[in-house]
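Attaching a single structure in structure tokens format; questions to follow.
The values are calculated or read from the model by the stated rules, or taken from the named source; none is laboratory data. In this text the structure is predicted, and so the values were computed from the model without any measurement. Neighbour counts run over all protein chains shown; Cβ positions are idealised from the backbone, glycine included. Please note that ligands, DNA and RNA were not included when accessible areas were found on the heavy atoms of the full protein model with its side chains. Shrake-Rupley method; radii C 1.70, N 1.55, O 1.52, S 1.80 Å.
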Amino acid sequence: MLPVIDTHQHLWDLSRFRLPWLDSEPALARSYLMEEYLQESAGLQVVRTVYMEVDVEPSQHVAEAEYVIALCERADNPMAGAVIGGRPAAADFAAYLDRFRGVPYIKGVRQVLHGSTPAGYCLTPEFVRGLRLLGERGLCFDLCMRPEELADGARLIALCPETRFVLDHCGNAPMHTTDRAQWQRDIAAIARQENVVCKISGIVAQLPAGQWTPEDLAPVVQHCADVFGPDRILYASDWPVCTLSATFREWLYALQTIVAEWPEENQRKLFHDNAARFYAL
């Protein structure tokens with residue numbers, strides 16, 4: 001089995017943090033800690049992970065970052081980096097980033113754009129300024145947005161050529177339909193820009209548990225691989241959100257099945273090498 005770097009590992013401790021979005025996701029409304037992640041991924045060759053922020057209340061962003069830095073510093077788990085929560089349009093965003101100058105584990109920032117933010121928000125001057133600042137600091141930004149707004153994402157990436165972007169969850173490809181023509185065009189437009197990579201993740205959570213097969217996921221995975229190429233795609237579990245439809249093991253095995261006919265070099269890039277290079281792990 002090839003070594004795996006999980007580039008989208010969520011954890012949340014509800015005794016520490018408030019995640020408002022869990023109010024509408026009762027199936028996930030409990031704590032998910034490192035101990036459980038280690039159990040779920042046991043025996044699957046997960047050698048490193050990158051923590052992904054979990055949309056805590058903004059007042060808890062610093063506490064969340066400090067929590068994951070402490071995990072990265074420990075030797076009893078595979079967490080080697082983190083993408084922390086932040087608000088790029090905020091007036092104090094530069095000061096917020098200053099808190100983590102010189103911390104090697106902080107790899108980037110994310111603000112979820114498919115929640116309460118309106119369409120077009122990511123193109124406001126304040127937001128663009130914050131994303132350009134990330135590029136100046138050598139940090140990346142994760143784009144997690146509605147599929148119908150991917151064209152905005154493409155414009156944002158073009159406005160910030162010195163910033164590295166990560167497109168989460170295959171651009172939240174619409175899995176409830178086989179009509180993905182617009183999504184395919186928008187993903188291709190994003191992929192034409194060299195400062196963005198794509199996480200192969202998230203798509204399984206849209207499908208009903210027990211009612212999907214790898215063949216249902218394969219067209220989306222293959223399109224992303226075709227337009228981004230073998231050097232700009234990254235495996236990610238999206239655990240525990242994936243458990244809405246699949247265990248950690250089921251999603252990983254499904255993706256391994258989909259790419260089984262790829263050259264081994266390209267499989268290794270997807271599951272390990274691209275992430276090691278992109279996040280300097």
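Scan region 30-51 and tell me whether some residue there is under 17 Å from VAL241 (Cβ atoms), aromatic (Phe, Trp, Tyr), open to solvent by 10 Å² or more (accessible area, probe 1.4 Å) and not in a strand (DSSP E or B).
No, because not a single residue in region 30-51 is under 17 Å from VAL241 (Cβ atoms), aromatic (Phe, Trp, Tyr), open to solvent by 10 Å² or more (accessible area, probe 1.4 Å) and not in a strand (DSSP E or B).
Mind checking which residues of region 229-251 are within 16 Å of ALA275 (Cα to Cα) and either in contact with a Gly (Cβ under 8 Å, 6 or more places away or on another chain) or open to solvent by less than 10 Å² (accessible area, probe 1.4 Å) (or both)?
Hits for region 229-251 are ILE233, LEU234, TYR235, ALA236, SER237, ASP238.
Whether any residue in region 95-105 is under 20 Å from the mean Cα position of the chain (by Cα) and in a helix (DSSP H, G or I) is what I want to check.
So far as region 95-105 goes, yes, one or more of its residues are under 20 Å from the mean Cα position of the chain (by Cα) and in a helix (DSSP H, G or I).
Go through the residues of region 109-123 one by one and say whether even a single one is among the basic types (Lys, Arg), at pLDDT 95 or above and out of contact with any Asp or Glu (no Cβ under 9 Å at 6 or more places or on another chain).
No; the residues of region 109-123 include none that is among the basic types (Lys, Arg), at pLDDT 95 or above and out of contact with any Asp or Glu (no Cβ under 9 Å at 6 or more places or on another chain).
What are the residues in region 79-94 that are part of a loop (DSSP other than H, G, I, E, B) and crowded, with 20+ Cβ neighbours inside 10 Å, if any?
Residues satisfying the conditions are GLY86, PRO88.
May I ask you to list the residues in region 62-74 that are open to solvent by 10 Å² or more (accessible area, probe 1.4 Å) and over 17 Å from SER41 (Cβ atoms)?
VAL62, ALA63, GLU66, TYR67, ILE69, ALA70, GLU73
Can you find, within region 207-228, the residue that is nearest to GLN182 (Cα to Cα) among those that are surrounded by fewer than 17 Cβ atoms within 10 Å (Cβ to Cβ) and of a type in the set (A, V, I, L, M, F, W, C)?
Only one residue fits best here, namely ALA218.
Output the residue which, of all residues in region 143-165 that are part of a loop (DSSP other than H, G, I, E, B) and more than 15 Å from ILE200 (Cα to Cα), is nearest to the chain's Cα centre (by Cα).
Filtering region 143-165 for residues that are part of a loop (DSSP other than H, G, I, E, B) and more than 15 Å from ILE200 (Cα to Cα), the one nearest to the chain's Cα centre (by Cα) comes out as ARG146.
Now for a separate question. For the structure I just gave you, tell me whether VAL204 is open to solvent by less than 10 Å² (accessible area, probe 1.4 Å) and out of contact with any helix residue (DSSP H, G or I) (no Cβ under 7 Å at 6 or more places or on another chain).
Against the criterion (open to solvent by less than 10 Å² (accessible area, probe 1.4 Å) and out of contact with any helix residue (DSSP H, G or I) (no Cβ under 7 Å at 6 or more places or on another chain)), VAL204 does not qualify.
If I filter region 223-263 down to residues being among the charged types (D, E, K, R) and in contact (Cβ under 8 Å) with a residue 60 or more places away in the chain, which single residue comes out as nearest to GLU53 (Cα to Cα)?
Result: ASP238.
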